[in-house]
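Read through the structure below, which is laid out as structure tokens, and then see the notes.
The values are calculated or read from the model by the stated rules, or taken from the named source; none is laboratory data. No experiment lies behind these values; they were computed from the predicted model shown. Here the Cβ positions follow ideal geometry from the backbone for every residue, glycine too, while neighbour counts run over all protein chains shown. To get the accessible areas, we keep the full protein, side chains included, count just its heavy atoms, and leave off ligands, DNA and RNA. Shrake-Rupley method; radii C 1.70, N 1.55, O 1.52, S 1.80 Å.
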Amino acid sequence: MVRKLIVIVSLFLLAGCISKNNPFFPEQPFYYPPLMTDDVAKIRLIGATMTYAIYQTDTSGQKIGGWVQKHDRFINKAYGPTQDMGFPKLKNKKYSDAFFETTLLPDLPTTIHHEAYKGCSVDIHFTPKKGALYEVHYDYGTDTCVIYVARLKYNPASAEYEEIKP
């Protein structure tokens, strides 16, 4: 009898954990990128792709966005797969790490958030330009984690893309 009672109570508790409005395991906000057009900005997030979130502030001042890849509400076992949309790459740079390519609305204040194990949580703020291409990567080489953003721009003289500060 006691065993049945424990099973029933456990099922009710578990059902509450799985519901959509669970306060203990809420659904994580998700970034919905704009459609690929000539007007959008492009961005490549290098490294563990599930550790990145993108937030943009729209013209009414509302912050929109979230994680670039869907997060499981209970546990995320992987760092996320590569999403290659075919954006131009630097000729002399190896892209062996995972990366995630997506689009941004231009001319809006943008925050790239990176959060990973070891207590690393860092943001970088910039305003993407129409048609521009950006790369973001993080570095754990110091006592703190750091995030960098660079703009990639085509140089017609060398017929290659170069990294410049945004």
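Here are the numbers:
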read-out: Lone qualifier among Val122, Val40, Val68 - being closer than 29 Å to Ser158 by Cβ and among the β-branched types (Val, Ile, Thr); value: Val40
read-out: Total residues in the stretch 109-139, condition basic (Lys, Arg) and at pLDDT 90 or above; value: 2
read-out: Test: residue in the stretch 118-129 that is open to solvent by 70 Å² or more (accessible area, probe 1.4 Å), in contact with a strand residue (DSSP E or B) (Cβ under 9 Å, 6 or more places away or on another chain), under 19 Å from Phe87 (Cβ atoms) and touching a residue at least 24 places away in the same chain (Cβ under 8 Å); value: yes
read-out: Flag if Ile64 is touching a Phe, Trp or Tyr at 6+ places or on another chain (Cβ under 8 Å), aliphatic (A, V, I, L, M) and either outside any strand (DSSP E or B) or open to solvent by less than 50 Å² (accessible area, probe 1.4 Å) (or both); value: no
read-out: The lone exception for Cys145 - which of (1) surrounded by fewer than 13 Cβ atoms within 10 Å (Cβ to Cβ); (2) within 18 Å of the chain's Cα centre (by Cα); (3) over 13 Å from Ile46 (Cα atoms) it fails; value: (1)
read-out: Restricting the stretch 100-117 to residues that are touching a helix residue (DSSP H, G or I) at 6+ places or on another chain (Cβ under 7 Å) and open to solvent by less than 50 Å² (accessible area, probe 1.4 Å), the residue that is nearest to Gln62 (Cα to Cα); value: His114
read-out: Count of the stretch 64-79 residues which are within 24 Å of Thr103 (Cα to Cα), of a type in the set (A, V, I, L, M) and modelled with pLDDT under 75; value: 1
read-out: Residue within the stretch 26-40 that is part of a strand (DSSP E or B), touching a strand residue (DSSP E or B) at 6+ places or on another chain (Cβ under 7 Å), at pLDDT 95 or above and aliphatic (A, V, I, L, M) present; value: no
read-out: Pair list, Cβ under 6 Å, 6 or more apart: the stretch 31-48 residue under 23 Å from Ala116 (Cα atoms), other residue of a type in the set (Gly, Ala, Ser) and open to solvent by less than 10 Å² (accessible area, probe 1.4 Å); value: Tyr31/Gly66
read-out: The stretch 128-150, residues that are β-branched (Val, Ile, Thr) and in contact with a Gly (Cβ under 9 Å, 6 or more places away or on another chain); value: Val136
